[in-house]
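The values are calculated or read from the model by the stated rules, or taken from the named source; none is laboratory data. Everything quoted here is computed from the prediction, not taken from an experiment. No Cβ is skipped: glycine too gets one built from the backbone with ideal geometry, and neighbour counts run over all protein chains shown. When the accessible area is computed, the model is the full protein with side chains, heavy atoms only, and any ligands, DNA or RNA have been set aside. Shrake-Rupley method; radii C 1.70, N 1.55, O 1.52, S 1.80 Å.
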Amino acid sequence: MKASYEKLIKGNEQWVKEKLSLDPNYFSNLAKGQKPEFLWIGCSDSRVPANEITKTESGEVFVHRNIANQVIHTDINMLSVLQYAVEYLHVKHVIVCGHYGCGGVKAAMDHSYVGLVGRWLAHLKDIYQNNKHILDEIPDANERENRMVELNVIEQVHNLAKTSFIQKAWKNRELEIHGWVYSLHNGKIKDLNCKYESIDQLEPIYRFSGLD
Ligand code: CO
């Protein structure tokens, strides 16, 4: 029986051929280095591939994905990606892109014990609790879940603004943080208009002094 993973190797061979037929220097140019303008922080969900849904090419988007697109202050993985993207690649935009129908958000709104991943999702439960007054006013379960997806993105954008890397960049140059939500149903991205572009938008308690 043919192993299903062989499809990936075959697909890669086909993709290489296609790229080279369009541009014989495609790979040699990419190998020279990267200068992406965007950092994408998205969900690990297989249905939300950053490049494909934004019609961008290799080299255009630096990507970090985790369950429910979270920005957690103790996550060394996310923080390393963020620091590298902001301080070394000098990306101009950081985008948190959530998606409606997010399994992580759904699980966090449920009471089932899900093991280790539940600890990761615990942060989402806090977002729910902090926005209970808004969420409990929405009678339709689906709409409530969609709003929770949006509130999660808004919270993660806020969390980005709280980091020293972002604040340090703001002292020296322009940098925007955006919050978007992708719809699995129609493929469209919605801008939640929760953009941060300056430390003035951040509550004083989160502002660092002494950054240069
Ligand atoms: Co998800």
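Does the stretch 63-88 hold any residues that are of a type in the set (Val, Ile, Thr), away from the ligand (no atom under 16 Å from the Cβ) and touching a residue at least 24 places away in the same chain (Cβ under 8 Å), and which are they?
Hits for the stretch 63-88 are VAL81, VAL86.
If ASP212 satisfies every condition in (1) surrounded by 10 or more Cβ atoms within 10 Å (Cβ to Cβ); (2) outside the structural domain of VAL71 (by TED's automatic domain parsing) but one, which is the exception?
Going through (1) surrounded by 10 or more Cβ atoms within 10 Å (Cβ to Cβ); (2) outside the structural domain of VAL71 (by TED's automatic domain parsing) one by one, ASP212 breaks only (1).
So which residues in the stretch 48-81 are of a type in the set (A, V, I, L, M), more than 11 Å from the chain's Cα centre (by Cα) and either assigned to a helix (DSSP H, G or I) or not assigned by TED's automatic domain parsing to the domain that holds HIS99 (or both)?
Selection gives ILE53, ILE76, LEU79, VAL81.
Which residues, counting only those in the stretch 166-176, are without any contact (Cβ under 8 Å) to a residue 12 or more places away in the chain and assigned to a loop (DSSP other than H, G, I, E, B)? It would help to see each step written out before you state the result.
In the first step, residues of the stretch 166-176 are kept if they are without any contact (Cβ under 8 Å) to a residue 12 or more places away in the chain; the result is 172.
Once the filter is applied, which keeps residues that are without any contact (Cβ under 8 Å) to a residue 12 or more places away in the chain and assigned to a loop (DSSP other than H, G, I, E, B), the stretch 166-176 yields nothing.
Within the stretch 93-113, does at least one residue satisfy the condition of being under 23 Å from PRO49 (Cβ atoms) and away from the ligand (no atom under 16 Å from the Cβ)?
yes
When you go through (1) among the hydrophobic types (A, V, I, L, M, F, W, C); (2) in a helix (DSSP H, G or I); (3) not assigned by TED's automatic domain parsing to the domain that holds ASN131 one by one for VAL86, which number turns out not to apply?
For VAL86, the failing item is (3).
Any residue at all in the stretch 72-92 that is under 20 Å from TYR182 (Cα atoms) and among the hydrophobic types (A, V, I, L, M, F, W, C)?
no
Do we find a residue being within 16 Å of the ligand (Cβ to nearest atom), buried (at least 17 other Cβ atoms within 10 Å of the Cβ) and among the polar types (S, T, N, Q) anywhere in the stretch 129-142? Break it down into steps so the answer makes sense when it comes.
So the first thing to find is which residues in the stretch 129-142 are within 16 Å of the ligand (Cβ to nearest atom), and the list is 142.
Okay, now just the ones that are also buried (at least 17 other Cβ atoms within 10 Å of the Cβ), so none.
Taking every residue of the stretch 129-142 in turn, none turns out to be within 16 Å of the ligand (Cβ to nearest atom), buried (at least 17 other Cβ atoms within 10 Å of the Cβ) and among the polar types (S, T, N, Q).
Sort through SER21, SER4 and tell me the only one that's modelled with pLDDT under 95 and more than 16 Å from the ligand (Cβ to nearest atom).
Working: SER21 fails: modelled with pLDDT under 95.
Just a single option satisfies the conditions, and that option is SER4.
Test LEU184 against the criterion of being open to solvent by 40 Å² or more (accessible area, probe 1.4 Å), over 14 Å from VAL94 (Cβ atoms), within 21 Å of the chain's Cα centre (by Cα) and of a type outside the set (S, T, N, Q), and give yes or no.
On the way: open to solvent by 40 Å² or more (accessible area, probe 1.4 Å): yes; over 14 Å from VAL94 (Cβ atoms): yes; within 21 Å of the chain's Cα centre (by Cα): yes; of a type outside the set (S, T, N, Q): yes.
Considered against the rule, which asks whether it is open to solvent by 40 Å² or more (accessible area, probe 1.4 Å), over 14 Å from VAL94 (Cβ atoms), within 21 Å of the chain's Cα centre (by Cα) and of a type outside the set (S, T, N, Q), LEU184 comes out as yes.
Considering only residues of the stretch 13-47 that are in a helix (DSSP H, G or I) and open to solvent by 80 Å² or more (accessible area, probe 1.4 Å), which is farthest from VAL149 (Cα to Cα)? Walk me through it before giving the result.
Applying the first criterion (in a helix (DSSP H, G or I)) to the stretch 13-47 yields 13-22, 26-30.
Adding the requirement that they be open to solvent by 80 Å² or more (accessible area, probe 1.4 Å) leaves 13-15, 17-18, 21-22.
Working: GLU13: 37, GLN14: 36, TRP15: 34, LYS17: 39, GLU18: 37, SER21: 41, LEU22: 39 Å.
This residue is SER21.
Is it fair to say VAL91 is without any contact (Cβ under 8 Å) to a residue 12 or more places away in the chain, of a type in the set (A, V, I, L, M) and in a loop (DSSP other than H, G, I, E, B)? Show your work before the answer.
Details: without any contact (Cβ under 8 Å) to a residue 12 or more places away in the chain: no; of a type in the set (A, V, I, L, M): yes; in a loop (DSSP other than H, G, I, E, B): yes.
Considered against the rule, which asks whether it is without any contact (Cβ under 8 Å) to a residue 12 or more places away in the chain, of a type in the set (A, V, I, L, M) and in a loop (DSSP other than H, G, I, E, B), VAL91 comes out as no.
Only one of these is assigned to a loop (DSSP other than H, G, I, E, B) and under 18 Å from GLN70 (Cα atoms): GLY179, GLY210, GLY101, GLY187. Name it.
Values: GLY179 fails: assigned to a loop (DSSP other than H, G, I, E, B); GLY210 fails: under 18 Å from GLN70 (Cα atoms); GLY187 fails: under 18 Å from GLN70 (Cα atoms).
Among GLY179, GLY210, GLY101, GLY187, only GLY101 is assigned to a loop (DSSP other than H, G, I, E, B) and under 18 Å from GLN70 (Cα atoms).
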